[in-house]
Each structure stands twice: as structure tokens, then as C-alpha cells.
1. Taking only segment 7-16 into account, find how many residues are of a type in the set (A, V, I, L, M) and modelled with pLDDT under 75.
2. Can you pull out every residue in segment 35-61 that is in a loop (DSSP other than H, G, I, E, B) and surrounded by 10 or more Cβ atoms within 10 Å (Cβ to Cβ)?
3. Only one of these conditions is not met by Leu27: (1) modelled with pLDDT under 75; (2) outside any helix (DSSP H, G or I); (3) closer than 30 Å to Ala70 by Cβ. Which number is it?
Amino acid sequence: NKKAFVELLFWKSPAAVREMTEGYGSLQEGEGAGRSRVPPWTPQEEQELRELYWKYKEVEGEDVIAAILAHLSAPGRTRRQVVKQLVRL
């Protein structure tokens, strides 16, 4: 590739540099930038999120997202993930 030098000047992460030096496709599944991906919401989790939202949206003086996170059965979900999913729904 004649323009590889440009790619070397503007790399984005250590994983990208490793892939450039060892060859493209050298990263194993689950390595590099893709390993931090958020697990997708299952239909059951989405339904539970809807139910919890409708249950806690009218509670006066309480943070709705904090209440949802406290009662959500899926461990490991962050506040940002919950808010993003609620907006998407």
C-alpha cells in the first residue's frame, strides 16, 4: 500500500498500530477496540425497562433513572446505557 505512511502518522489506538504492524486481521475476536462494546438489550430487558419507567416516572422528588437502575434485573448496565435505551424506545 503506497499510502501506509499516512496511516502510520494518524493512528487511533494501540490496537490499530498493532494491526498495522502485524497485519490486518491479526487481532483475535474480543481484542482491540471491539472488546468494549455494550451487550445488546434483549426483548425481555426492554420490556422490563418500559415497565420500570412507567412505574417510576410519576414518583415525585425521586430520580427516575436511579430508581430504574436499583430495580433492573440486568447487572452491569450503566446510567448512560439506560438513558440511551429509554430515548431509543
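The values are calculated or read from the model by the stated rules, or taken from the named source; none is laboratory data. All values reported here derive from a predicted model rather than from experimental measurement. Positions of Cβ are backbone-derived with ideal geometry, glycine not excepted, and every protein chain shown enters the neighbour counts.
1. Step one: filter segment 7-16 for residues of a type in the set (A, V, I, L, M), giving 8-9, 15-16.
In the following step, the residues that additionally are modelled with pLDDT under 75 were identified as 8.
Total satisfying the criteria: 1.
2. Of everything in segment 35-61, those that are in a loop (DSSP other than H, G, I, E, B) and surrounded by 10 or more Cβ atoms within 10 Å (Cβ to Cβ) turn out to be Val38, Pro39, Trp41, Thr42, Lys57, Val59.
3. (3)
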